[in-house]
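A.B. asks: Take a look at the following structure, please.
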Amino acid sequence: MKKRLLTLLSAAVLCGMVSGCCISHDWQEATCTAPKTCAKCGETEGEPLAHTWVDATCTEAKHCSVCGTTEGEPLPHTWVDATYETPKTCSVCGATEGEPKQSYFAQYGVDVPDGPVDCTVDYIYYNKEDPETYCRVGDAVFTQTDCYADPADEEGYQNVHLTLTMAMQPGYYYDAAEGVNYTSATFVNYMYDWYTGRKLPTRDMRGDDAQEYAVTLDIDGVSYEVSYSKEVSWEQGEWVFDEAGNATSSDTATQEFIFRIPEGYDGLVYCAYPKREYTELDTETVTGLDEAEYADLDPTDEETEEDKKIIEDQRFFRINHTEIPVREAETGTEDAAGNETAE
């Protein structure tokens with residue numbers, strides 16, 4: 001009997017050695033990388049589970065959310081071109097490449113500070129009977145005296161009111177030795193779009209004058225309808241005589257702009273442009289209206305050193321880049337700009 005018991009025990013031990021754990025498996029549930037498996041002996045049952053696939057995106061390849069196994073490559077990005085505010089950007093994942101687009105002025109490395117306008121540039125005063133012979137260069141002081149906004153009549157638009165003075169000393173001059181009166185003064189200014197560099201339409205003006213124009217600006221695929229008006233008035237100061245009999249008198253031009261612009265457009269740029277020689281005024285031709293013209297920032301090899309110096313000495317100011325006060329409209333008239341002359 002004892003011998004029979006020993007035989008049975010030996011058989012049980014042998015069975016355990018052969019089958020690993022034939023008495024009781026310790027089963028681990030199947031996964032997508034392994035079938036159902038005994039943790040003690042390694043015996044398996046069935047097949048691994050199917051992967052739980054997550055579709056590929058532009059940041060990750062197709063992959064199993066359980067085990068991390070991947071198939072293939074990530075999808076290509078869905079790129080949206082760079083704008084003046086943002087670099088090239090994937091619309092799906094937000095990845096970026098490069099830098100935002102540069103404005104026309106930034107491309108040429110031209111400094112365009114935010115207003116107010118405050119600068120001095122050359123202007124000319126001359127004898128209108130013989131300007132080729134009697135023409136002198138003086139300093140015109142450009143000073144912004146007011147800038148504010150108010151709602152426009154059309155929804156989605158606002159009016160920006162800008163007032164500047166250009167003080168010329170002398171604006172009038174009498175040369176006693178030559179017996180010559182210098183009774184006209186001319187300065188130059190323009191308005192541009194900061195993003196594209198496009199010049200707003202303008203013409204030469206003589207004396208107290210006014211004008212108004214409209215133009216479409218295409219910026220990052222969006223069309224902005226911009227219109228503006230300007231009124232110019234001149235005021236002469238008192239004559240001052242010296243011991244030699246020469247006489248001088250100041251001359252001050254006041255410009256009153258009203259810009260009608262879409263809300264969100266912040267690209268108005270004022271330019272004070274040096275005037276150093278006499279040219280005939282053309283009060284009929286409007287530039288920049290039917291054919292786009294752009295800020296003169298890149299002198300060509302054919303231009304003279306004086307031309308290049310004039311380009312270098314331009315002064316630019318962004319008018320509505322920063323927040324400007326909002327208030328009720330004041331009395332004003334409409335217009336635009338180029339050469340402007342007191343007679």
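A.B. asks: Between Thr69 and Ser24, what FRET efficiency follows from the Cβ-Cβ distance if R0 is 35 Å, with the result rounded to 0.05?
C.D. replies: 0.60
A.B. asks: So who's got an amide H within less than 5 Å of the one on Tyr134, skipping anything under 5 residues away but keeping other chains? H placed 1.01 Å off N, in plane.
C.D. replies: Under 5 Å from the amide H of Tyr134 lie the amide H atoms of Asn127, each far enough along the sequence or on another chain.
A.B. asks: Something else now. I need the phi-derived Karplus couplings for segment 152-168: 6.51 cos²θ - 1.76 cosθ + 1.60, θ = phi - 60°, integer Hz, Gly and Pro marked x.
C.D. replies: The phi angles translate into 7, 5, 8, 4, x, 10, 9, 9, 10, 9, 10, 10, 9, 10, 10, 9, 10 Hz.
A.B. asks: Where a Cα-Cα gap under 12 Å defines reach, which aspartates and glutamates qualify for Lys308, not counting those fewer than 8 residues away within the same chain?
C.D. replies: Counting by Cα, and skipping residues close in sequence, Lys308 has these aspartates and glutamates nearby: Asp296, Asp298.
A.B. asks: Can you give the calculated 222 nm mean residue ellipticity of the chain, where each DSSP H run of n ≥ 4 adds -39,500 (n - 2.57) and the sum is split over every residue, rounded to the nearest 500 deg cm²/dmol?
C.D. replies: That comes out to -2500 deg cm²/dmol.
A.B. asks: If I build a Gaussian network model for the chain, linking alpha-carbon pairs within less than 10 angstrom, which residue out of Cys147, Cys38, Cys93 has the largest mean-square fluctuation?
C.D. replies: Cys38
A.B. asks: Can you give the charge dipole size of the chain about its Cα centre, rounded to the nearest 20 debye, using +1 on the beta carbon of Lys and Arg and -1 on the beta carbon of Asp and Glu?
C.D. replies: It works out to roughly 4240 debye.
A.B. asks: Hey, another quick one. Which of the listed residues, Pro325, Trp194, Ala272, is farthest toward the dipole's positive end in segment 191-343, when Lys, Arg count +1 and Asp, Glu count -1 at the beta-carbon?
C.D. replies: Pro325
A.B. asks: Considering only Thr83, Thr33, Thr248, give the residue with the highest GNM mean-square fluctuation for the chain, with springs between Cα atoms whenever their separation is below 10 Å.
C.D. replies: Top of the fluctuation ranking is Thr33.
A.B. asks: Another question, if that's okay. Picking from Val240, Val232, Val160, which is most flexible by a Gaussian network model of the chain using Cα springs under 10 Å?
C.D. replies: Val240
A.B. asks: Name the residue farthest towards the positive end of the dipole of the chain from the options Thr37, Thr133, Cys58, assuming +1 on Cβ of Lys and Arg, -1 on Cβ of Asp and Glu, about the Cα centre.
C.D. replies: Thr37
A.B. asks: Which one is right for this structure if semi-axes √(5λ) of the Cα gyration tensor in Å is calculated from it: (1) 84, 20, 16; (2) 33, 22, 20; (3) 41, 23, 17?
C.D. replies: (1)
A.B. asks: What is the magnitude of the charge dipole of segment 41-147 about its Cα centre, with +1 placed on the Cβ of each Lys and Arg, -1 on the Cβ of each Asp and Glu, and no other charges, expressed in debye to the nearest 20?
C.D. replies: Once rounded to the nearest 20, the dipole reads 180 debye.
A.B. asks: Next question. Count charges around Thr89 for me, please; just the other residues with Cβ under 14 Å from its Cβ, Lys/Arg as +1, Asp/Glu as -1.
C.D. replies: For residues surrounding Thr89, the net value is -3.
A.B. asks: Further, regarding this structure: Given R₀ = 45 Å, what would the calculated FRET efficiency be for Tyr148 paired with Ala244, taking r from the Cβ atoms and rounding to 0.05?
C.D. replies: 0.45
A.B. asks: Just list whichever of Lys88/Lys230; Lys128/Lys309; Lys40/Lys62 have alpha carbons separated by over 30 Å in the model shown.
C.D. replies: Where the Cα-Cα span goes over 30 Å, the pairs concerned are Lys88/Lys230; Lys40/Lys62.
A.B. asks: Still on this model: In whole angstrom, note down how far apart the Cα centers of segment 159-226 and segment 265-290 are.
C.D. replies: Centre-to-centre (Cα) distance: 6 Å.
The numbers here are math on the coordinates, done by the rules we state, and not lab data. The shown structure was predicted, so the numbers you read here are calculated from the model rather than taken from an experiment. Every residue, glycine among them, receives a Cβ derived from its backbone with ideal geometry; neighbour counts consider all protein chains shown.
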